[in-house]
Amino acid sequence: HQQLNGYNGEYRDSEKRNFHIEVCQRNNSALKSEDIKSIVKHHLKRHPQFVAETVLSSDPSLNKHVEKLSVYSEEDESLVKFEHIPYDEDRLSIYTYRLHKDEHEEELLDDEEQEELPAASHWMLPSYEFSDSWDSLYYDTKVKMNLINYAVTGLLFADKGVNQELISWNRVVLLHGPPGTGKTSLCRALAHKIAIRLSNRFPTASLLEVNSHSLFSKWFSESGKLVMKMFRKVEELVENESHLVCLLIDEVESLTAARASVAGGTEPSDAIRVVNALLTQIDKLKRYKNILILTTSNVTEKIDVAFVDRADIKFYIGLPSAFAIYGMYRSCVNELIRVGIVYPKEPLHPNPADLSSTDKICQNSILLLEISKASDGLSGRTIRKLPFLAHSYFLHNKTHVTFRVFADALSKAAAQQFRE
Ligand code: ADP
(Lines give C-alpha, C1' and ligand atoms only; values in the text may rest on other atoms or scores of the structure.)
Protein backbone atom coordinates (compact mmCIF):
# COMPACT_ATOMS: atom_id res chain seq x y z
CA HIS A 1 0.00 0.00 0.00
CA GLN A 2 2.83 2.33 0.92
CA GLN A 3 4.32 1.71 -2.49
CA LEU A 4 1.00 2.49 -4.16
CA ASN A 5 0.76 5.76 -2.29
CA GLY A 6 4.11 6.95 -3.46
CA TYR A 7 3.60 5.61 -6.92
CA ASN A 8 0.29 7.32 -7.32
CA GLY A 9 2.04 10.59 -6.60
CA GLU A 10 -0.88 11.82 -4.56
CA TYR A 11 1.08 13.28 -1.66
CA ARG A 12 0.14 16.79 -2.46
CA ASP A 13 -0.16 19.53 0.09
CA SER A 14 -3.35 18.19 1.62
CA GLU A 15 -3.06 20.51 4.62
CA LYS A 16 -4.29 23.46 2.62
CA ARG A 17 -7.04 21.79 0.68
CA ASN A 18 -10.74 21.36 1.38
CA PHE A 19 -12.43 18.01 0.98
CA HIS A 20 -15.93 16.70 0.52
CA ILE A 21 -16.52 13.29 2.07
CA GLU A 22 -19.56 11.47 0.71
CA VAL A 23 -20.67 8.51 2.78
CA CYS A 24 -23.16 6.06 1.31
CA GLN A 25 -24.98 4.41 4.19
CA ARG A 26 -26.25 0.86 3.82
CA ASN A 27 -30.03 0.71 3.51
CA ASN A 28 -30.24 -1.79 6.38
CA SER A 29 -28.25 0.43 8.74
CA ALA A 30 -30.42 1.87 11.49
CA LEU A 31 -27.99 4.62 12.49
CA LYS A 32 -28.93 8.26 12.06
CA SER A 33 -27.00 10.41 9.62
CA GLU A 34 -25.41 12.34 12.52
CA ASP A 35 -24.16 9.09 14.08
CA ILE A 36 -22.51 8.07 10.83
CA LYS A 37 -20.83 11.46 10.55
CA SER A 38 -19.54 11.16 14.13
CA ILE A 39 -18.07 7.72 13.40
CA VAL A 40 -16.30 9.04 10.31
CA LYS A 41 -14.96 12.05 12.25
CA HIS A 42 -13.84 9.81 15.06
CA HIS A 43 -12.06 7.61 12.56
CA LEU A 44 -10.35 10.63 10.99
CA LYS A 45 -9.19 11.89 14.38
CA ARG A 46 -7.88 8.54 15.51
CA HIS A 47 -6.15 7.67 12.26
CA PRO A 48 -3.95 10.43 10.96
CA GLN A 49 -3.26 8.07 8.07
CA PHE A 50 -6.89 8.14 6.94
CA VAL A 51 -7.02 7.06 3.30
CA ALA A 52 -10.38 6.84 1.56
CA GLU A 53 -9.54 3.76 -0.48
CA THR A 54 -8.82 1.55 2.51
CA VAL A 55 -10.89 3.00 5.34
CA LEU A 56 -13.80 0.58 4.97
CA SER A 57 -11.70 -2.56 4.77
CA SER A 58 -9.74 -1.47 7.83
CA ASP A 59 -12.73 -0.71 10.04
CA PRO A 60 -15.38 -3.47 10.24
CA SER A 61 -17.64 -1.40 12.53
CA LEU A 62 -17.86 1.31 9.87
CA ASN A 63 -18.13 -1.23 7.08
CA LYS A 64 -21.28 -2.62 8.71
CA HIS A 65 -23.07 0.67 8.10
CA VAL A 66 -21.34 2.16 5.11
CA GLU A 67 -21.22 0.69 1.62
CA LYS A 68 -19.06 3.35 -0.02
CA LEU A 69 -16.99 6.28 1.15
CA SER A 70 -15.67 8.74 -1.43
CA VAL A 71 -13.51 11.79 -0.91
CA TYR A 72 -13.37 14.66 -3.41
CA SER A 73 -10.95 17.53 -3.53
CA GLU A 74 -12.85 20.82 -3.60
CA GLU A 75 -10.46 22.48 -6.03
CA ASP A 76 -11.43 20.34 -9.00
CA GLU A 77 -13.96 17.77 -7.70
CA SER A 78 -11.57 14.95 -8.49
CA LEU A 79 -11.71 11.70 -6.56
CA VAL A 80 -9.02 11.40 -3.90
CA LYS A 81 -8.14 7.81 -3.17
CA PHE A 82 -4.75 7.43 -1.59
CA GLU A 83 -4.06 10.82 -0.12
CA HIS A 84 -4.03 11.24 3.65
CA ILE A 85 -6.95 13.33 4.75
CA PRO A 86 -6.06 15.44 7.78
CA TYR A 87 -8.71 16.01 10.41
CA ASP A 88 -9.72 19.65 10.25
CA GLU A 89 -13.39 20.46 10.80
CA ASP A 90 -13.11 23.69 8.80
CA ARG A 91 -11.77 21.97 5.73
CA LEU A 92 -14.03 18.95 5.66
CA SER A 93 -17.66 18.65 4.64
CA ILE A 94 -19.24 15.28 5.34
CA TYR A 95 -22.44 14.16 3.63
CA THR A 96 -24.36 10.97 4.20
CA TYR A 97 -26.93 9.46 1.87
CA ARG A 98 -28.74 6.24 1.06
CA LEU A 99 -29.20 4.98 -2.47
CA HIS A 100 -32.59 4.40 -4.04
CA LYS A 101 -32.23 0.96 -5.51
CA ASP A 102 -35.52 0.74 -7.40
CA GLU A 103 -35.56 1.04 -11.15
CA HIS A 104 -36.69 4.34 -12.62
CA GLU A 105 -40.31 4.81 -13.58
CA GLU A 106 -41.72 5.85 -16.91
CA GLU A 107 -44.15 8.75 -16.76
CA LEU A 108 -46.87 8.23 -19.33
CA LEU A 109 -49.03 10.90 -20.87
CA ASP A 110 -52.27 10.38 -22.77
CA ASP A 111 -52.48 12.05 -26.14
CA GLU A 112 -55.66 13.10 -27.92
CA GLU A 113 -56.44 9.55 -28.95
CA GLN A 114 -55.96 8.34 -25.40
CA GLU A 115 -52.80 6.62 -26.47
CA GLU A 116 -50.19 6.47 -23.75
CA LEU A 117 -46.85 8.04 -24.62
CA PRO A 118 -43.69 7.55 -22.57
CA ALA A 119 -43.03 11.22 -21.96
CA ALA A 120 -40.39 11.13 -19.24
CA SER A 121 -38.33 8.90 -17.00
CA HIS A 122 -38.39 9.52 -13.29
CA TRP A 123 -35.61 8.61 -10.84
CA MET A 124 -35.58 9.13 -7.11
CA LEU A 125 -32.14 10.49 -6.18
CA PRO A 126 -29.51 9.58 -5.20
CA SER A 127 -30.02 6.57 -7.43
CA TYR A 128 -28.17 3.29 -7.60
CA GLU A 129 -28.20 3.66 -11.39
CA PHE A 130 -25.95 6.74 -11.23
CA SER A 131 -23.75 5.82 -8.30
CA ASP A 132 -20.60 5.44 -10.43
CA SER A 133 -21.41 7.91 -13.20
CA TRP A 134 -19.65 11.00 -11.83
CA ASP A 135 -16.37 9.21 -11.26
CA SER A 136 -16.43 7.52 -14.65
CA LEU A 137 -16.56 10.80 -16.59
CA TYR A 138 -13.22 12.32 -17.55
CA TYR A 139 -12.69 15.94 -18.54
CA ASP A 140 -9.56 18.03 -18.61
CA THR A 141 -11.28 21.24 -17.87
CA LYS A 142 -12.85 22.05 -14.54
CA VAL A 143 -16.28 21.53 -16.03
CA LYS A 144 -17.39 19.19 -13.23
CA MET A 145 -16.44 21.62 -10.49
CA ASN A 146 -17.97 24.57 -12.34
CA LEU A 147 -21.22 22.68 -12.80
CA ILE A 148 -21.55 21.75 -9.14
CA ASN A 149 -20.71 25.26 -8.00
CA TYR A 150 -23.17 26.75 -10.43
CA ALA A 151 -25.98 24.46 -9.36
CA VAL A 152 -25.34 24.97 -5.67
CA THR A 153 -25.13 28.77 -5.98
CA GLY A 154 -28.26 28.88 -8.11
CA LEU A 155 -30.27 26.91 -5.61
CA LEU A 156 -28.84 28.87 -2.66
CA PHE A 157 -29.76 32.23 -4.23
CA ALA A 158 -33.26 30.98 -4.91
CA ASP A 159 -33.61 29.59 -1.43
CA LYS A 160 -32.44 32.83 0.19
CA GLY A 161 -34.89 34.79 -1.93
CA VAL A 162 -32.28 36.90 -3.75
CA ASN A 163 -34.17 39.45 -5.83
CA GLN A 164 -33.98 38.47 -9.52
CA GLU A 165 -34.49 42.08 -10.60
CA LEU A 166 -31.19 42.96 -8.95
CA ILE A 167 -29.15 39.86 -9.65
CA SER A 168 -30.24 37.74 -12.52
CA TRP A 169 -29.79 34.03 -12.83
CA ASN A 170 -32.26 31.36 -13.73
CA ARG A 171 -31.05 27.88 -13.00
CA VAL A 172 -31.01 26.69 -16.61
CA VAL A 173 -27.84 24.93 -17.76
CA LEU A 174 -27.07 24.10 -21.38
CA LEU A 175 -24.37 21.60 -22.29
CA HIS A 176 -23.62 21.56 -26.00
CA GLY A 177 -21.08 19.87 -28.23
CA PRO A 178 -20.58 16.86 -30.50
CA PRO A 179 -22.57 13.66 -29.87
CA GLY A 180 -21.13 11.03 -27.54
CA THR A 181 -19.13 13.43 -25.39
CA GLY A 182 -20.95 12.56 -22.17
CA LYS A 183 -23.39 15.48 -21.95
CA THR A 184 -26.41 13.43 -20.96
CA SER A 185 -24.38 11.28 -18.57
CA LEU A 186 -22.91 14.42 -17.01
CA CYS A 187 -26.36 15.96 -16.42
CA ARG A 188 -27.62 12.79 -14.75
CA ALA A 189 -24.47 12.51 -12.68
CA LEU A 190 -24.75 16.16 -11.63
CA ALA A 191 -28.35 15.69 -10.51
CA HIS A 192 -27.27 12.68 -8.44
CA LYS A 193 -24.36 14.64 -7.02
CA ILE A 194 -26.26 17.70 -5.91
CA ALA A 195 -28.94 15.50 -4.36
CA ILE A 196 -26.10 14.23 -2.11
CA ARG A 197 -24.46 17.61 -1.49
CA LEU A 198 -27.71 19.46 -0.76
CA SER A 199 -29.44 16.75 1.22
CA ASN A 200 -29.52 18.94 4.33
CA ARG A 201 -31.67 21.47 2.54
CA PHE A 202 -33.56 19.01 0.31
CA PRO A 203 -34.06 15.68 2.07
CA THR A 204 -35.58 14.15 -1.07
CA ALA A 205 -34.81 14.68 -4.73
CA SER A 206 -35.71 13.41 -8.15
CA LEU A 207 -34.61 13.56 -11.74
CA LEU A 208 -37.18 13.86 -14.46
CA GLU A 209 -35.79 13.26 -17.92
CA VAL A 210 -38.04 14.46 -20.70
CA ASN A 211 -38.15 12.26 -23.71
CA SER A 212 -38.03 15.00 -26.35
CA HIS A 213 -38.37 12.58 -29.22
CA SER A 214 -41.60 11.02 -28.10
CA LEU A 215 -43.09 14.38 -27.18
CA PHE A 216 -42.39 15.60 -30.68
CA SER A 217 -42.95 12.47 -32.65
CA LYS A 218 -46.63 13.36 -32.88
CA TRP A 219 -48.11 16.21 -34.86
CA PHE A 220 -47.09 19.62 -33.67
CA SER A 221 -50.57 20.74 -32.73
CA GLU A 222 -50.82 17.99 -30.14
CA SER A 223 -47.29 18.44 -28.97
CA GLY A 224 -48.08 21.88 -27.60
CA LYS A 225 -50.66 20.29 -25.33
CA LEU A 226 -48.31 17.48 -24.41
CA VAL A 227 -45.65 19.96 -23.35
CA MET A 228 -48.22 21.62 -21.06
CA LYS A 229 -49.24 18.27 -19.59
CA MET A 230 -45.65 17.32 -19.08
CA PHE A 231 -44.92 20.49 -17.18
CA ARG A 232 -48.01 20.04 -15.03
CA LYS A 233 -46.37 16.84 -13.81
CA VAL A 234 -43.19 18.77 -13.05
CA GLU A 235 -45.21 21.34 -11.11
CA GLU A 236 -46.79 18.61 -9.03
CA LEU A 237 -43.31 17.57 -7.98
CA VAL A 238 -41.91 21.04 -7.30
CA GLU A 239 -44.86 22.00 -5.14
CA ASN A 240 -43.16 20.17 -2.27
CA GLU A 241 -40.57 22.77 -1.33
CA SER A 242 -38.23 20.37 0.37
CA HIS A 243 -38.07 18.14 -2.70
CA LEU A 244 -35.34 19.00 -5.20
CA VAL A 245 -36.32 18.52 -8.83
CA CYS A 246 -33.79 18.27 -11.64
CA LEU A 247 -35.47 18.48 -15.01
CA LEU A 248 -33.37 17.15 -17.87
CA ILE A 249 -34.40 18.04 -21.40
CA ASP A 250 -32.11 16.06 -23.65
CA GLU A 251 -31.35 17.05 -27.24
CA VAL A 252 -33.20 20.28 -26.82
CA GLU A 253 -32.63 21.10 -30.46
CA SER A 254 -35.39 18.67 -31.38
CA LEU A 255 -37.84 20.92 -29.54
CA THR A 256 -36.54 24.25 -30.64
CA ALA A 257 -35.72 23.29 -34.19
CA ALA A 258 -39.47 23.37 -34.59
CA ARG A 259 -39.39 27.12 -35.03
CA ALA A 260 -36.87 26.74 -37.81
CA SER A 261 -39.45 24.79 -39.78
CA VAL A 262 -41.28 28.09 -40.24
CA ALA A 263 -38.71 28.93 -42.85
CA GLY A 264 -39.35 25.60 -44.53
CA GLY A 265 -43.10 26.36 -44.57
CA THR A 266 -44.21 23.28 -42.64
CA GLU A 267 -47.03 23.97 -40.21
CA PRO A 268 -45.45 27.16 -38.94
CA SER A 269 -48.06 28.25 -36.43
CA ASP A 270 -48.18 24.88 -34.68
CA ALA A 271 -44.42 24.66 -34.50
CA ILE A 272 -44.21 28.09 -32.93
CA ARG A 273 -46.90 27.18 -30.45
CA VAL A 274 -44.84 24.25 -29.26
CA VAL A 275 -41.71 26.31 -28.77
CA ASN A 276 -43.65 29.03 -27.02
CA ALA A 277 -45.32 26.49 -24.75
CA LEU A 278 -41.90 25.19 -23.76
CA LEU A 279 -40.44 28.63 -23.12
CA THR A 280 -43.47 29.82 -21.14
CA GLN A 281 -43.36 26.72 -18.99
CA ILE A 282 -39.65 27.14 -18.27
CA ASP A 283 -40.32 30.75 -17.24
CA LYS A 284 -43.15 29.64 -14.97
CA LEU A 285 -40.93 27.13 -13.22
CA LYS A 286 -38.45 29.85 -12.32
CA ARG A 287 -40.57 30.98 -9.39
CA TYR A 288 -39.92 27.68 -7.64
CA LYS A 289 -36.85 27.56 -5.44
CA ASN A 290 -36.25 23.87 -5.76
CA ILE A 291 -35.80 23.27 -9.46
CA LEU A 292 -32.75 23.03 -11.68
CA ILE A 293 -33.20 22.68 -15.43
CA LEU A 294 -30.48 20.82 -17.31
CA THR A 295 -30.47 20.75 -21.09
CA THR A 296 -28.21 19.24 -23.72
CA SER A 297 -27.76 19.80 -27.40
CA ASN A 298 -25.62 18.17 -30.06
CA VAL A 299 -25.62 21.35 -32.11
CA THR A 300 -25.50 24.96 -31.07
CA GLU A 301 -26.54 26.83 -34.19
CA LYS A 302 -29.91 25.16 -34.50
CA ILE A 303 -31.11 25.98 -30.98
CA ASP A 304 -33.70 28.65 -30.72
CA VAL A 305 -32.23 32.00 -29.70
CA ALA A 306 -34.98 32.56 -27.16
CA PHE A 307 -34.02 29.27 -25.56
CA VAL A 308 -30.29 29.97 -25.55
CA ASP A 309 -31.01 33.26 -23.79
CA ARG A 310 -32.77 31.43 -21.00
CA ALA A 311 -29.78 29.24 -20.30
CA ASP A 312 -27.49 31.32 -18.14
CA ILE A 313 -24.72 28.84 -18.11
CA LYS A 314 -23.54 27.29 -21.32
CA PHE A 315 -20.75 24.79 -21.42
CA TYR A 316 -19.17 23.50 -24.56
CA ILE A 317 -18.29 19.85 -24.09
CA GLY A 318 -15.81 18.93 -26.79
CA LEU A 319 -14.15 15.70 -27.83
CA PRO A 320 -11.89 14.32 -25.09
CA SER A 321 -8.23 15.28 -25.02
CA ALA A 322 -5.48 12.63 -24.93
CA PHE A 323 -5.29 12.98 -21.12
CA ALA A 324 -9.05 12.49 -20.73
CA ILE A 325 -8.87 9.49 -23.09
CA TYR A 326 -6.07 8.10 -20.94
CA GLY A 327 -8.37 8.34 -17.90
CA MET A 328 -11.07 6.38 -19.73
CA TYR A 329 -8.69 3.73 -21.08
CA ARG A 330 -7.09 3.37 -17.67
CA SER A 331 -10.46 2.72 -16.02
CA CYS A 332 -11.30 0.17 -18.75
CA VAL A 333 -7.96 -1.65 -18.29
CA ASN A 334 -8.38 -1.65 -14.51
CA GLU A 335 -11.77 -3.26 -14.96
CA LEU A 336 -10.29 -5.98 -17.20
CA ILE A 337 -7.54 -6.52 -14.64
CA ARG A 338 -10.16 -6.78 -11.90
CA VAL A 339 -12.00 -9.58 -13.70
CA GLY A 340 -8.75 -11.33 -14.62
CA ILE A 341 -8.79 -10.93 -18.41
CA VAL A 342 -5.72 -8.69 -18.40
CA TYR A 343 -2.63 -9.30 -16.25
CA PRO A 344 -0.35 -8.55 -14.40
CA LYS A 345 -2.18 -6.70 -11.66
CA GLU A 346 -0.02 -3.61 -11.95
CA PRO A 347 -1.50 -0.19 -11.30
CA LEU A 348 -1.42 2.32 -14.13
CA HIS A 349 -0.37 5.84 -13.24
CA PRO A 350 -3.41 7.98 -12.31
CA ASN A 351 -1.99 11.19 -13.68
CA PRO A 352 -0.64 11.10 -17.25
CA ALA A 353 0.84 14.59 -16.83
CA ASP A 354 3.30 13.22 -14.27
CA LEU A 355 4.61 10.39 -16.45
CA SER A 356 8.33 10.27 -16.94
CA SER A 357 9.74 8.27 -19.83
CA THR A 358 12.73 7.14 -17.77
CA ASP A 359 10.69 5.64 -14.95
CA LYS A 360 10.66 1.88 -15.49
CA ILE A 361 7.56 1.31 -13.44
CA CYS A 362 5.63 3.65 -15.75
CA GLN A 363 6.29 1.82 -19.03
CA ASN A 364 2.77 0.41 -19.32
CA SER A 365 1.30 3.80 -18.51
CA ILE A 366 3.47 5.45 -21.16
CA LEU A 367 2.30 2.93 -23.73
CA LEU A 368 -1.32 3.61 -22.79
CA LEU A 369 -0.72 7.35 -23.14
CA GLU A 370 0.71 6.77 -26.62
CA ILE A 371 -2.47 4.92 -27.63
CA SER A 372 -4.54 7.72 -26.07
CA LYS A 373 -2.74 10.29 -28.19
CA ALA A 374 -3.33 8.17 -31.27
CA SER A 375 -7.03 8.03 -30.35
CA ASP A 376 -7.40 11.81 -30.24
CA GLY A 377 -10.45 12.71 -32.34
CA LEU A 378 -12.70 9.87 -31.19
CA SER A 379 -15.69 10.56 -28.92
CA GLY A 380 -15.97 9.34 -25.34
CA ARG A 381 -18.71 6.96 -26.43
CA THR A 382 -16.38 5.32 -28.99
CA ILE A 383 -13.48 5.19 -26.54
CA ARG A 384 -15.60 3.29 -24.03
CA LYS A 385 -16.49 0.70 -26.68
CA LEU A 386 -12.95 0.19 -27.98
CA PRO A 387 -11.68 -2.26 -25.31
CA PHE A 388 -14.59 -4.53 -26.20
CA LEU A 389 -13.98 -4.21 -29.95
CA ALA A 390 -10.24 -4.73 -29.39
CA HIS A 391 -10.89 -8.01 -27.63
CA SER A 392 -13.50 -9.28 -30.03
CA TYR A 393 -11.62 -8.36 -33.24
CA PHE A 394 -8.06 -9.01 -32.29
CA LEU A 395 -7.94 -11.32 -29.27
CA HIS A 396 -10.82 -13.64 -30.16
CA ASN A 397 -11.38 -16.20 -27.44
CA LYS A 398 -8.44 -15.42 -25.22
CA THR A 399 -9.45 -15.27 -21.57
CA HIS A 400 -6.10 -14.22 -20.21
CA VAL A 401 -3.75 -11.76 -21.95
CA THR A 402 -0.83 -9.61 -20.86
CA PHE A 403 -1.21 -5.86 -20.77
CA ARG A 404 1.16 -5.55 -23.74
CA VAL A 405 -0.91 -7.89 -25.93
CA PHE A 406 -4.09 -6.10 -24.93
CA ALA A 407 -2.55 -2.68 -25.61
CA ASP A 408 -1.55 -3.82 -29.08
CA ALA A 409 -5.13 -4.92 -29.80
CA LEU A 410 -6.46 -1.62 -28.44
CA SER A 411 -4.14 0.32 -30.68
CA LYS A 412 -5.30 -1.64 -33.73
CA ALA A 413 -8.95 -1.14 -32.79
CA ALA A 414 -8.41 2.63 -32.50
CA ALA A 415 -6.75 2.75 -35.92
CA GLN A 416 -9.65 0.76 -37.35
CA GLN A 417 -12.13 3.34 -35.99
CA PHE A 418 -10.38 6.07 -37.94
CA ARG A 419 -10.46 3.98 -41.11
CA GLU A 420 -14.17 3.32 -40.67
P1 ADP B 1 -23.96 12.73 -25.33
O2 ADP B 1 -25.14 13.07 -24.48
O3 ADP B 1 -22.94 13.83 -25.36
O4 ADP B 1 -24.31 12.22 -26.69
P5 ADP B 1 -23.68 10.46 -23.59
O6 ADP B 1 -23.83 11.06 -22.24
O7 ADP B 1 -24.87 9.75 -24.16
O8 ADP B 1 -23.17 11.55 -24.62
O9 ADP B 1 -22.40 9.50 -23.53
C10 ADP B 1 -22.33 8.27 -24.17
C11 ADP B 1 -21.37 7.34 -23.46
O12 ADP B 1 -20.02 7.76 -23.69
C13 ADP B 1 -21.58 7.33 -21.98
O14 ADP B 1 -21.90 6.02 -21.60
C15 ADP B 1 -20.27 7.71 -21.36
O16 ADP B 1 -19.86 6.73 -20.46
C17 ADP B 1 -19.26 7.76 -22.49
N18 ADP B 1 -18.49 9.02 -22.44
C19 ADP B 1 -18.65 10.09 -23.23
N20 ADP B 1 -17.79 11.08 -22.88
C21 ADP B 1 -17.09 10.63 -21.82
C22 ADP B 1 -16.05 11.18 -20.99
N23 ADP B 1 -15.57 12.42 -21.18
N24 ADP B 1 -15.57 10.42 -20.00
C25 ADP B 1 -16.02 9.16 -19.81
N26 ADP B 1 -16.99 8.58 -20.53
C27 ADP B 1 -17.52 9.30 -21.54
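E106 versus S61, label points 7 Å from Cα toward the beta carbon: distance in nm?
4.9 nm
Given a 10 angstrom Cα cut-off, can you work out which residue in E129, E251, E75 is the most mobile in a GNM of the chain?
In the Gaussian network model the winner is E75.
Return the carbon/sulfur percentage of the accessible area of the chain, one whole number, probe 1.4 Å, all protein chains in place.
The nonpolar share, carbon plus sulfur, comes to 51 percent.
For Cα pairs less than 8 Å apart in space and 6+ apart in sequence, what is the mean separation divided by the residue count of the chain, i.e. the relative contact order in percent?
Relative CO of the chain lands at 15 percent.
Among the listed pairs K68/K183; K142/K193; K16/K81; K81/K101, give every one whose C-alpha distance is greater than 23 Å.
Beyond 23 Å: K68/K183; K81/K101.
Where both partners of a DSSP beta bridge lie in the chain, what percent of those bridges are antiparallel, to the nearest 5?
Around 40 percent of the beta bridges assigned by DSSP in the chain are antiparallel ones.
Just check the chain against the gyration tensor rule for me: Cα atoms, a ≥ b ≥ c as the square roots of the eigenvalues, rounded for a/c under 1.5, and otherwise prolate or oblate depending on whether a/b exceeds b/c.
Judged from the Cα gyration tensor, the chain comes out oblate (a/c at least 1.5, b/c at or above a/b).
If you put +1 on each Lys and Arg Cβ and -1 on each Asp and Glu Cβ, how big is the dipole of region 19-124 around its Cα centre, in Debye rounded to 20?
The dipole of region 19-124 has a size of about 1620 debye.
If you stretched the chain out fully between I313 and N276, how much longer would it get, using 0.36 nm times the residue separation minus the C-alpha to C-alpha distance?
Difference between extended and current length: 11.2 nm.
Output the pairs from K37/K284; K229/K289; K345/K373 with a Cα-Cα distance over 27 Å in this structure; if there are none, say none.
Result: K37/K284 exceed 27 Å.
For helix 380-390, report the angle its Cα long axis makes with the longest principal axis of the Cα atoms of the chain; keep it between 0 and 90° and round to the nearest 10°.
50 degrees
By how many degrees, 0 to 90 and rounded to 10, does the Cα axis of helix 322-339 deviate from the longest principal axis of the chain?
Here the helix axis deviates by roughly 70 degrees.
Under a GNM of the chain (C-alpha, springs under 10 Å), which listed residue has the highest mean-square fluctuation: W169, W134, W123?
Highest fluctuation among the options: W169.
If I stretch the segment between I366 and H42 completely, what's the gain in nm (0.36 nm per residue apart, minus their alpha carbon distance), one decimal?
Separation in residues times 0.36 nm, less the Cα-Cα distance, equals 112.6 nm.
Using only Cα atoms and rounding to the nearest 10 degrees, what angle (0 to 90) does helix 363-374 make with the longest principal axis of the chain?
30 degrees
Give the calculated FRET efficiency between V152 and L79 to the nearest 0.05, with a Förster radius of 22 Å applied to their Cβ-Cβ distance.
Using R0 = 22 Å, I get an efficiency of 0.75.
Quick one: compute the contact order of region 269-420, relative version, from alpha carbon pairs under 8 angstrom and 6+ residues apart, as a percent.
For region 269-420, the relative contact order is 24 percent.
Residue separation times 0.36 nm, minus the C-alpha to C-alpha distance between N18 and Y393: what's the value?
Once the chain is fully extended between N18 and Y393, it gains 130.4 nm.
Two-decimal Rg/Rh of region 84-155 from alpha-carbon positions, Kirkwood Rh?
When Rh is taken as the Kirkwood radius, the ratio is 1.14.
The values are calculated or read from the model by the stated rules, or taken from the named source; none is laboratory data. These numbers were taken from a predicted model, which means no experiment stands behind them. Neighbour counts run over all protein chains shown; Cβ positions are idealised from the backbone, glycine included. The accessibility values were calculated without ligands, DNA or RNA, using every heavy atom of the protein model including side chains. Shrake-Rupley method; radii C 1.70, N 1.55, O 1.52, S 1.80 Å.
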